[in-house]
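The values are calculated or read from the model by the stated rules, or taken from the named source; none is laboratory data. What you are looking at is a predicted structure, and each value in this text was computed from that prediction instead of being measured. Here the Cβ positions follow ideal geometry from the backbone for every residue, glycine too, while neighbour counts run over all protein chains shown. In case anyone asks, the SASA skips ligands and DNA or RNA and just uses the protein heavy atoms, side chains included. Shrake-Rupley method; radii C 1.70, N 1.55, O 1.52, S 1.80 Å.
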Amino acid sequence: MSVSKTILLVDDDHDLREALAEQFGLYEGFTITQAGNATEGVKKAESERVDLILLDVDMPDMDGREACKLMRTRGVRAPIIMLTGQDSDADTILGLDSGANDYVTKPFDLDVLLARIKVVLRRGAQSGPTQAQAQRLELGDLVIDPAAHTVSLKGELVELSPREFSLLHALALQPNSPESHNNLGNVYQEQNRY
């Protein structure tokens, strides 16, 4: 890959984290950030800029699927690949329904994991936000911060669902032009992916 991508690796298995960090750094040029439990992973996903999250399902402090749901409800948009020893179809469906973009069972072949990472990153690059969409918007007393996924009015934080935030943001990007029903429908449908 030509541009280094940052991967947040959330797994309670220290040896696995270290081995993956070493392999990704040597052969693929990824920058790895690590978290040893789900709680730390959620905090890092919210506070650090990451391009992809590898998230273990079986962690002692919180189930990875719950951590994934929590990340999504808190506005984390980075793609998430679940790593787990649970390989039933039901487990895969639960992982994907929690907001994950892909699901890889342990033990896994490193080359297969790398291929899946590249595919998920490619998909994200094709549908990722433009520079204009990622910038903080100030419209009078209204401030919309896409990076923090927050809205404030006259300095007071406004509570919005992810869908409400996306619709407000889409309207604010084009303040002097009408939005078509189809464009707003596309924004609405985008939220259904998470």
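Do we find that A90 is in a loop (DSSP other than H, G, I, E, B) and either hydroxyl-bearing (S, T, Y) or farther than 20 Å from A21 by Cβ (or both) in this structure?
For A90, the condition - in a loop (DSSP other than H, G, I, E, B) and either hydroxyl-bearing (S, T, Y) or farther than 20 Å from A21 by Cβ (or both) - is not met.
For segment 71-97, a residue qualifies if it is open to solvent by 70 Å² or more (accessible area, probe 1.4 Å) and either touching a residue at least 60 places away in the same chain (Cβ under 8 Å) or touching a Ser or Thr at 6+ places or on another chain (Cβ under 7 Å) (or both), and the qualifying residues are T73, R74, R77, D87.
Would you confirm, using the coordinates I've provided, whether L52 is under 25 Å from L160 (Cα atoms) and surrounded by fewer than 21 Cβ atoms within 10 Å (Cβ to Cβ)? Reasoning before the result, please.
Details: under 25 Å from L160 (Cα atoms): yes; surrounded by fewer than 21 Cβ atoms within 10 Å (Cβ to Cβ): no.
No; evaluated as a whole, the condition is false for this residue.
For first residues located in segment 55-70 and more than 19 Å from H149 (Cβ to Cβ) and small (G, A, S), partners that are open to solvent by 40 Å² or more (accessible area, probe 1.4 Å) and not in a strand (DSSP E or B) and lie 6+ apart or on another chain with Cβ distances below 8 Å form the pairs G64/D58. Would you confirm whether or not segment 125-146 contains a residue that is closer than 24 Å to K43 by Cα, among the small types (G, A, S), modelled with pLDDT under 80 and assigned to a loop (DSSP other than H, G, I, E, B)? Looking through segment 125-146, at least one residue is closer than 24 Å to K43 by Cα, among the small types (G, A, S), modelled with pLDDT under 80 and assigned to a loop (DSSP other than H, G, I, E, B).
All of (1) within 18 Å of V120 (Cα to Cα); (2) surrounded by fewer than 18 Cβ atoms within 10 Å (Cβ to Cβ); (3) in contact with a helix residue (DSSP H, G or I) (Cβ under 7 Å, 6 or more places away or on another chain); (4) acidic (D, E) hold for D61 with one exception: (1).
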